[in-house]
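Have a look at the structure below before the remarks.
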Amino acid sequence: MQDVKGMLNIGNWHRLIECMKKAKRGERIVTGFLGGSITQGSLSSLPELCYAYLVYKWWKRKFPQSEIGFINAGIGGTTSQFGAARVEEHLLKYSPDFILIEFAVNDDNTEFFEETYEGLIRKTYGDKCRPAVLLMNNVRYDDGTNAEEQHVKVARAYALPMVSMKKAIWPKILSGRLNGSSISPDGLHPNDEGHRLVARVVTAFLEKVYEEMEKEETEGSFEGALLPPPITANAYENTIRYQNDNARPKAEGFLADLSPQNGITDIFKKGWTAFREGNKIKFEVDGTEIAVQYRKTVNKPAPVARAVVDGKKESAVILDGNFDEDWGDCLYIDTIARHMEAGRHTVEIEIIKTHENEAALFYLVSVIVSGPGSSM
């Protein structure tokens with residue numbers, strides 16, 4: 001195979017080829033995109049000018065005889081940890097044929113995010129709809145950082161194709177052939193031209209697959225199994241997200257927010273609010289990993305809470321509702337327990353600090369539980 005711009009891992013193309021053949025026959029296919037704010041379309045002037053939509057348009061142009069569906073499941077400020085918790089609800093339930101996954105600039109370049117990323121990939125690639133999965137890594141255009149050192153380990157282990165903006169675009173910025181500010185005003189989110197460049201890297205790879213569509217490539221069997229053995233502790237493949245529509249915790253002062261949610265980017269919904277010191281809410285869950293998802297707000301001051309697992313106050317995690325950035329409210333995740341013994345655990349969240357002139361409520365969005373047998 002000739003070198004493809006930005007290709008970090010060639011991977012196995014069987015599912016992609018089968019997806020393209022399905023579209024070529026005139027059958028309907030669904031394309032889905034899962035990621036953070038760049039996937040959502042941040043800084044593109046129109047939703048139709050973000051890279052995800054431009055890649056969808058490539059499918060439309062190549063296969064005009066087929067009805068092509070489009071699902072943008074990008075949510076700003078989110079990581080693969082949250083991706084593993086929401087991919088079923090936001091994407092897999094629609095039985096997509098093609099999925100692009102991108103969390104390289106929201107995940108940190110750590111072993112923790114190697115594990116959460118692997119959990120997301122196993123959940124997605126192992127789904128019953130058997131989607132073709134393409135992995136993509138964006139990059140910070142101000143310093144060239146991302147999490148691809150960890151993510152590419154997963155790509156190689158699962159024989160999945162991966163394209164990289166760090167390989168395709170960042171060298172041009174380093175050499176001075178491209179001014180980073182001309183494609184990203186904030187050094188992270190692409191503008192319209194930046195989204196166009198990202199889409200070109202993705203579609204250049206898809207063009208190569210299209211050219212070789214008639215070649216036979218068998219799907220890797222991983223010694224007869226759909227998925228290979230995990231390369232991490234793999235605690236995040238099975239993940240459940242608890243909100244007020246699927247959980248009944250014991251609440252003292254925390255009130256369920258029953259207002260309707262307007263799409264997946266209406267992120268502060270289906271949770272619980274509290275504002276008085278001493279307000280509590282308690283969950284009983286089964287799993288080995290526990291995270292708390294809450295709002296950090298720019299409307300300060302806001303209450304501060306404490307999360308305690310299994311009554312161990314010495315290991316408590318502080319949940320500060322005050323955001324130290326100024327770009328807007330943040331859907332924040334704090335991991336409060338990792339690699340515990342499997343079984344039932346308690347999670348108690350209590351408001352421990354309020355202010356005289358409170359500007360916002362404490363908003364608990366969800367409790368996320370992962371690991372074997374994760375349930376409530």
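The values are calculated or read from the model by the stated rules, or taken from the named source; none is laboratory data. No experiment lies behind these values; they were computed from the predicted model shown. Virtual Cβ from ideal backbone geometry, glycine too; neighbours counted across all protein chains shown. For the accessible areas, the whole protein counts, side chains as well, though only heavy atoms, and no ligand, DNA or RNA atoms are used. Shrake-Rupley method; radii C 1.70, N 1.55, O 1.52, S 1.80 Å.
Remarks
- Taken residue by residue, segment 346-363 has at least one member that is under 19 Å from Ala235 (Cβ atoms), modelled with pLDDT of 95 or more and out of contact with any Gly (no Cβ under 9 Å at 6 or more places or on another chain).
- Annotation: of all residues in segment 39-74 being assigned to a helix (DSSP H, G or I) and within 12 Å of Glu102 (Cα to Cα), the one that is most open to solvent (accessible area, probe 1.4 Å) is Gln40.
- Every listed requirement among (1) at pLDDT 95 or above; (2) of a type outside the set (Asp, Glu); (3) farther than 23 Å from Asp257 by Cα is met by Lys300 save one, (3).
- Pairs linking a residue in segment 22-38 that is open to solvent by 20 Å² or more (accessible area, probe 1.4 Å) to a residue that is among the acidic types (Asp, Glu), with Cβ atoms under 8 Å and 6 or more positions apart or on different chains, are Lys22/Asp97; Arg28/Glu67.
- Counted residues, segment 338-371 - those being of a type in the set (A, V, I, L, M), open to solvent by 10 Å² or more (accessible area, probe 1.4 Å) and outside any loop (DSSP other than H, G, I, E, B): 1
- Subset of segment 228-281 that is open to solvent by less than 30 Å² (accessible area, probe 1.4 Å) and aromatic (Phe, Trp, Tyr) - its residue that is nearest to Glu111 (Cα to Cα): Tyr236
- If the condition is being open to solvent by 30 Å² or more (accessible area, probe 1.4 Å) and either at pLDDT below 95 or outside any loop (DSSP other than H, G, I, E, B) (or both), then segment 98-113 contributes Glu111, Phe112.
- Selection status of Asp326, assigned to a loop (DSSP other than H, G, I, E, B), under 18 Å from Arg86 (Cβ atoms), open to solvent by 40 Å² or more (accessible area, probe 1.4 Å) and not polar (S, T, N, Q): no
- All positions within segment 142-159 that are over 17 Å from Ile121 (Cβ atoms) and open to solvent by less than 20 Å² (accessible area, probe 1.4 Å): Gly144
- Residue check for Leu135: closer than 21 Å to Tyr51 by Cα, among the aliphatic types (A, V, I, L, M) and touching a His at 6+ places or on another chain (Cβ under 8 Å): yes
- Qualifying position, being touching a helix residue (DSSP H, G or I) at 6+ places or on another chain (Cβ under 7 Å), of a type outside the set (Gly, Ala, Ser), part of a strand (DSSP E or B) and open to solvent by less than 10 Å² (accessible area, probe 1.4 Å), among Val139, Val133: Val133
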